[in-house]
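Here is the structure we will look at.
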Amino acid sequence: MESKWRLAGTEVPIIGSDSVKWIELSISSSYGNNDWTAVAPLTEDCASCFVVGDPCVYLIWRIHKTFPNALELLQLSSSQPFPILGLRFLFPHPLSPFAFLSQNSSTHCYSLCAFTVSGVAFVLNLSDFSSYESSSIFPSQHLSEFNLQEYGPITSVAATPGCLVVGRNDASLFSFQIGMLHPTDPGFVQQLRDDSGIGRFWGLMSRGKAVGAVKDLVIAEVQGKKLLFVLHSESTLRVWDLSSRTRIFSHTMTSPTLEGNFLNLSCLKRAESIRLWVGETSSSSSIIPLAILHRHTSEVGMEIICVYSLRCSFGDRLMLSLESSLQNISLEGGCIDVKLTSDKIWILKDSGLVFYNLFHANVAVEEASFYTLQEEFVADQLFQSSDHSSDDLLSITCSIVTSAKVFAHLDRWMEEFVADQLFQSSEHSSDDLLSITCSIVTSAKVEQLCFLYIYIYIFFALSSHYKSCVALTFSFTLLQDHIVPFVSSIYLRRILHPGVHHNSVLRATLLDYNRHYTDSEFLSLTVDGLRKEIISLIEHEDTAESPLSIFCAWKSFCTRYFHHWCKNNEPFGLFVQSSTGAVGLLRKNSVSAFRSLEKIELLTDGPSDQFGELASFGLDLSGGDSEREILFQVLRCITSISQQLGKTASAIFYESFVGMTMVTFEETVSRLLKILETGYSSSVTALNIPHLGADVSREKELADHKNLRKFSIDMLISLQTLSKKAASWDKVLNIIESYLQFFVPRKVIQHLNVEAVFSVNTSILVQATSQIAKVMFEVALDVLLFLSYLVNISGQISMLHDDISRIQLELIPMIQEIVFEWLIILFFGITPSESPSIEDFSSQLSSLQIDSNMGKRSWSENLGKCHFTLAFILQLNIQGSSGDPSLMSLRSLPNPQDVTSSIHGFTSWILWGETGEESSSFLRRSTQLALILLRHGQYDAVEYLLTIVEANSQKEKIFRSVQDAGGDWCILQHLLGFCLLAQAQCGLHGILREKKVCAAVRSFFRASSGQGASQALQSLSHEAGLPHLVFDGCLSSAVWKLQYYQWVMQMFEQYNVSEGACQFALAALEQVDEALSVKDGCGSENPLNESTTTLKGRLWANVFKFTLDLNLLHDAYCAIISNPDEESKYICLRRFIIVLYERKATKFLCDGKLPFIGLADKIERELAWKAERSDVLAKPNPYKLLYAFEMQRHNWRRAASYIYLYSARLRTEPVPKDHHQILLALNERLNGLSTAINALLLVRPAYAWIDPLLGGNSSINEHYPSKRAKKLLKEQLIGDDVHPQRLQSYIDVEKLEKEFVLTSAEYLLSVANVKWKFTGVDQTPSDLVCLLVQENLYDMAFTVLLKFWKGSGLKRELESVFSAMSLKCCPIKVGSLRAGNDFKTHGLLLESSKDEVVVHGSPDNVPPVQQYKGSGQWETLELYLEKYKDFHARLPVVVAETLLRTDPQIELPLWLVHKFKDGQRERTWGMTGQESSPASLFRLYVEYGRYTEATNLLLECIDSFASMRPADIINRKRPFAVWFPYTAIERLWCQLEESINSGHMVNQCDKLKKLLHDALLNHLKLVKVDSDDAISSASG
């Protein structure tokens, strides 16, 4: 037979079949671990499918050779989504390549029979899959075991419900009634024998050579009988009737030769029979097709499948007869699986799926129909095919991105660059090489590869390759900023392409890069999550340190990914449903269907000899063979262009449409044509140098140029030949126009009344649609490039101007429209859906699908997954009829033809809608599709769709009328604005969010400006997920815009986009006057039923709110003062102040930049209201703000009043328990009081007072009762002779200063942890002074004294303080002493320890520590005594008296004694002086028994008197010039005599008495002389 093949179809992956979660169930065995091998172990992966029911249920089982103990089971229904749960049975022993499924008539759904290599058969009665729990043990009550080890070794196993048949290597057959009888029952095991009884023995004696081992068993039902087909090793075929257990057929098959296709009896030993397949028998036929796989031992890998037919004859018994071989099919490569139906044979190979018609009219010329597998598509997508290098992607991208405009600019700049930078100008020498290097480094991002670029740059410079030098500099920056992101987007989009993306493959690839994920983590990743993970991996790859290395990292990643894809998706088996024609492929981790090819695919991909039957494709060329030849030549030219550019061009085209909008569609076409004419740009060569090396890059450049010249010459020759053959280009263009009809999507009128559901068939339809759309898009793009190429070289091929105009004005717009339509379909088919945003409440509510069916809820959960594209959302919104031929039946999986025909209906619905009505453009239909996508939160998709449609509409001739036709353009802009608004709200930040908001604002304004906008926008369905626009239809333009702007404002507000809402609020304000000044179309004077003031007030209030949200405080205040509604204005003002407090921006009110314009009093009132109701320690503090506000207005008295009110509240509020808070409050009180004092000092003294009742806070008046003032201000002439008088309660500076002093004292005591309660400024705080002295806070104590006491009271208090200070200098412990004015001294003396013994007159007994403390107290006493003795001269006396009274034996400090001696008045002698005189100290000595000190002091004074200078003697002789305390001296004399008489200190007192006697005697004599002289002087 002549072997030929034709391309018939391709594989269609069932999307989602790679995401099954397996429920693992362990199978327990009562036979334990047994190493006995009864069946040969598994050597190949195996899988099969069992179809049952109507609608059909597909039970798929798989056994992996790498995991032979496990059997995976999937339950698939064509009317349901692909199952997310599957069962994985873990058997105790490895399994044989056999499993059998049957429907169970009992309560269990199905029965599964499996056979282990140890010879144990397991029968599992299965329940619903969801009833099982993972990692559990299969219920024993539903499990049956049958040990068949004694019947081994077993070579083959087959089963039918209730019966298991095994074949042995000795050719014997045994049947077991599994599930029918107990193993111990008679008849459970039966052997299939040729005869019975003696006849069998005689047969054994007369029989020749015995049959060989059983190779394969197949049980088939023929006319209601169960027949067992047995293939033996020597190619003997036997057929047994299982019901009677008798053999009904036996024949030894002859093996085919390699030379021919017919049977050759002489070549019996050349082939070995391996497998047997039995086809189905139709009710109208008596032929049973058979297929036997023969493997030739002489040729490695050579296999032949022989197809036979058995004819059945029915009578008293079933008779079978073998007919001649139908076909012998040679196989190159491995045969994975074969399926045989009544009229077809399907052969699954590594390279693809092939099927043959068994009963073809001419067997000798029968063609094999070939279906391509997904491996070819994945290789093409990932640039892994041999004819498509990923290097072309970078080269074409660089050439497109570096547009002609950029290089034109570079060419103009090049001369200056060369002369100035490359040592050619007179003013620059070669010493400037460093400057060149620096310019390169600073022109691009410095990375590790940068230095290589610099080296190459200098090399080019020195070699005079100036253009390459410039291109290198520019290319590096361009590569970093534009090309790499563009190429990365293409790679990422293709990896996540439906049919390419595979969960287990991607996870295995990421594992190669040490990225580990748990099952839950990986399955939870959405499309965005996967993108981020892959991009992060590529950017952080060790080799990805430069732009080019990132490109290499993508290539490496795709290579790894493709390797894992092929490894994890190996074909396991095939299933064919003969009743429906459905064909499926069972892979390792997925399931696929098949579809037939479109006609355009057959024309472009099929062999060239198929072009002769153009009529079969629907292309009717009236010119006959000549026109057919012209078309062939055109197709060859188109193919040449496609091969020259490669399929990467379509990827770049698609990315320029829906990806990074770096270049436009027209620019892309122009640059590709430039590549076809002149080759790649110079930047490509520069980029290849560090990547490939200089030599290899140069060789590649030469090879590209050579290839380009060959292409240009071949195309020119072909086109000239084409022109000559057609005689005119007009004829060629007519044929091309006819050919273009293939690309136009078909229109299908659909009868829609049934709601679509998410199912496996839906997945097949969507994936097949994306495949066809991709092919159509790429082929149409090739045609577009061909037509554009014709225009560019029109002068070389003698094309007339009319022909050029026809191409430009008719054909190119036609093919552009076709490209656009298939681009839209492809976009829907391969773009993953967007997961609902967390912030998008409407999408979340929609995803709940309240009161809807489970089908919609199930597919809603798939949003955001890679396999769930936008086409699913659209397809599930189609309502079709069950009898509609354009829709697939849900009762079973579709056959290849049904898939293709259903695509026509789906694409027609996408482009034309349900009725197929064609509008002037795709504009109206795009808005309908956008509404569907918006309802499900697909904002990115809607933006792309509407943006593409808008851009395409602008290129159409009808664009000028687009805005005037039915309001479709307004709807598009409205939906685009809503979509952009939703995007801005969903997680965008910074510049991206700002761009989205600006675009949304622009779109909404455009929507309102179009004609018919009012009626068009009101027609939008509320079910679309948009708030309904309810406006009166007869509104004027101004009223319509006013209401529409308010609606848009509310939308922006709902999405928390205040910047947009503010713009539309302002736009609405512009329309108010016009809207309310004219009557509307219905004759209403005021269509809004709202006054101008109220309406403007509401809108200005909204402007205020939005600007406040944007923190535009100045604009917010301007909105307040612009508001004509007083009530609204006041509410906004209050809110404004509250927000200022919350944002700590209260300084805004006090910076002097705001025009208050009559609002000052209201602002003050609001601030005061806020202050009164705020926490007194709130930050920012409202009282401080009031102070600053009034100070800025120069209202110093009110400023002082508010800040004093703040201090008063701090004083009267409950005292916080925390010590730090107490100190903080006291410090704030001090600051407030000092601030109030400073403010009042700015006021004229007559007005320097504040009212304590300000603010209505009664707490201020606790210590300032409401009564008339004690003094009356005198009249003062101020200004214009106004005499202000005041007679009321007041707080002046003096009272503030007193309170400040008391608060300062309280603060210092609090620092020392001493409590004191403020009792007012009208009471003298004696207890406060006591506490201050007790805590050694002397400065504060004296400050209080000087502030609150005057005259004698001050002296009395000073004596008390110094008495207390003196006591602290004494180391003697006393109980309670009194000094001065009953001052409390308890606890102020230094205390001794318990063991201390105090002896009067022994100061040396004071402990060292007390001496140290006392020394410090002495210094303090000396300091303050010197400072305050001028206030009270008797203070030294008080100190000395206190010390002596406390300790009569104390040694008075020398400085204190000097203060007595230095206190004498001038011109007085003796012991006279002030209150602190020597006489005072002498008396104290005498009074407290300090006789020695008293005597010494008296002797010192007498000696001083006697030893006076001669100049002073005359003064001494004056009357009353000298005085001594004679009474005290007499008392001292008496005390000494008493001591002597009492025998106490007799010697010392006697000595003192003598000294005193002699001194007094001399003194009296001197006084006598002075007296006489004084008398003489007076009498003379």
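None of the figures in this text is laboratory data; all of them are computed from the coordinates on show. These numbers were taken from a predicted model, which means no experiment stands behind them. Positions of Cβ are backbone-derived with ideal geometry, glycine not excepted, and every protein chain shown enters the neighbour counts.
General remarks:
- As a rough guide to protection, the peptides 1109-1120, 902-913, 174-185 ranked by mean Cβ packing within 10 Å, highest first, stand as 902-913, 1109-1120, 174-185.
- Virtual spin-label span in nm between Val1546 and Arg515, 7 Å along Cα→Cβ: 11.8 nm
- With θ taken as phi - 60° and the Karplus curve 6.51 cos²θ - 1.76 cosθ + 1.60 applied, the whole-hertz 3J(HN,Hα) list for segment 1167-1180 is 5, 5, 4, 5, 5, 5, 9, 9, 4, 5, 9, 5, 10, x Hz, x standing for glycine and proline.
- Residue-span extension gain [Gln103 to Ala210] - 0.36 nm each, minus C-alpha spacing: 34.7 nm
- Loop-resident trypsin sites (Lys or Arg not before Pro) (DSSP state other than H, G, I, E or B) in segment 1159-1194 with no more than 11 further Cβ atoms inside 10 Å of their Cβ: Arg1173.
- Backbone N within segment 145-177 under 14 Å of label point (7 Å from Asp194 Cα along the Cβ vector): 171-173
- For Leu7, the residues whose amide H sits under 5 Å from its own are Phe370, ignoring neighbours fewer than 5 places away on the same chain, with H placed 1.01 Å from N.
- Cross-link check: pairs Lys1105/Lys1217; Lys339/Lys865; Lys674/Lys995; Lys339/Lys567; Lys1184/Lys1317 evaluated at a Cα-Cα cut-off of 29 Å; pairs beyond the cut-off: Lys1105/Lys1217; Lys339/Lys865; Lys674/Lys995.
- Cα-projected label distance for Ile1575 with Lys725, points at 7 Å along beta-carbon direction, nm: 17.3 nm
- Between Glu666 and Thr1324, the simple label model (points 7 Å from Cα in the Cβ direction) yields a spacing of 10.2 nm.
- In order along segment 923-934, the phi-based Karplus estimate (6.51 cos²θ - 1.76 cosθ + 1.60, θ = phi - 60°) of 3J(HN,Hα) comes to 4, 5, 5, 4, 5, 5, 5, 5, 4, 4, 5, 5 Hz; Gly and Pro are listed as x.
- Backbone amide hydrogens, once placed in the peptide plane, bring Asn69 within less than 5 Å of Leu95, excluding anything fewer than 5 places away on its chain.
- For Ile248, distant residues with modelled amide H under 5 Å away: Val239, Trp240, Asp241
- The length gained by stretching the chain between Lys21 and Asp1292 to full extension, at 0.36 nm per residue less their Cα-Cα distance, is 449.0 nm.
- Estimated FRET transfer efficiency when R0 is 60 angstrom, pair Glu701-Ile84 (beta carbons, to 0.05): 0.70
- Calculated FRET efficiency for the pair Gln223/Arg891, C-beta based, R₀ 30 Å, to 0.05: 0.70
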